[in-house]
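Working notes for the structure below.
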Amino acid sequence: MADKEREMQFDKLMETYQNDVLRLCYGMLNNMTDAEDALQDTFVKVWKSMHRYQGKNSSSIYTWIYRIAINTCKDYLRLRYFKRKKDSVTEDSIANDEKFADVSFQYYELWMDIARLPEKNKVVLLLYHYHHMSITNIARTLRISQPAVSKRLHKAYLLLKEGNA
């Protein structure tokens, strides 16, 4: 792939997926600064490995990018310093960010409850409802079975309903 063609393809990927990946990262990390860093790291990894992407296992490009973003966020969560400084989600942290301007105030409480879900349930819920991925695509992205996706999604609903997020 020629350098110019690669750059154009990368620019298109950034333009198409940047906001969705940022929201996914924010949903996992509960901190906009860390989410922006994870977004940048995700697309650095995409840039470095896009020549190797082959659509493995019939996965689409967005499934591949989301998988990279999820793994990047998991790396951030593993860092000791991150666990010490992890901020709680506040209404002000969302209200003051223009990237979330389309999220109305009535959904802040729900967003905060989702942010407090266990990681594996939160990721499935975000991918299914917010990113409109099918259970099949979520299973491919997370490399788990479709029944496992359904079970995690059901558990997320239960936790939200019970208020135990």
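Read-outs: derived from the displayed coordinates by stated rules, not from any lab. Keep in mind that what you see is a predicted model, and the values were worked out from it rather than measured. Every residue, glycine among them, receives a Cβ derived from its backbone with ideal geometry; neighbour counts consider all protein chains shown.
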- The FRET efficiency for Lys74 and Lys45, from their Cβ-Cβ distance with R0 = 22 Å and rounded to 0.05, is 0.95
- Could you sort out which of Lys74/Lys155; Lys45/Lys161; Lys4/Lys120; Lys12/Lys161; Lys4/Lys122; Lys12/Lys155 sit more than 27 Å apart by Cα distance in this structure? Lys45/Lys161; Lys4/Lys120; Lys12/Lys161; Lys4/Lys122; Lys12/Lys155
- For segment 116-129, 3J(HN,Hα) per residue [Karplus equation, 6.51 cos²θ - 1.76 cosθ + 1.60, θ = phi - 60°, Hz, x = Gly/Pro]: 8, 5, x, 3, 5, 6, 4, 4, 4, 4, 5, 5, 6, 8
- Item | Note, ³J(HN,Hα) from phi for segment 37-52, Karplus 6.51, -1.76, 1.60, rounded to Hz, x at Gly and Pro | 5, 5, 4, 4, 4, 4, 6, 5, 5, 4, 4, 5, 10, 5, 5, 9
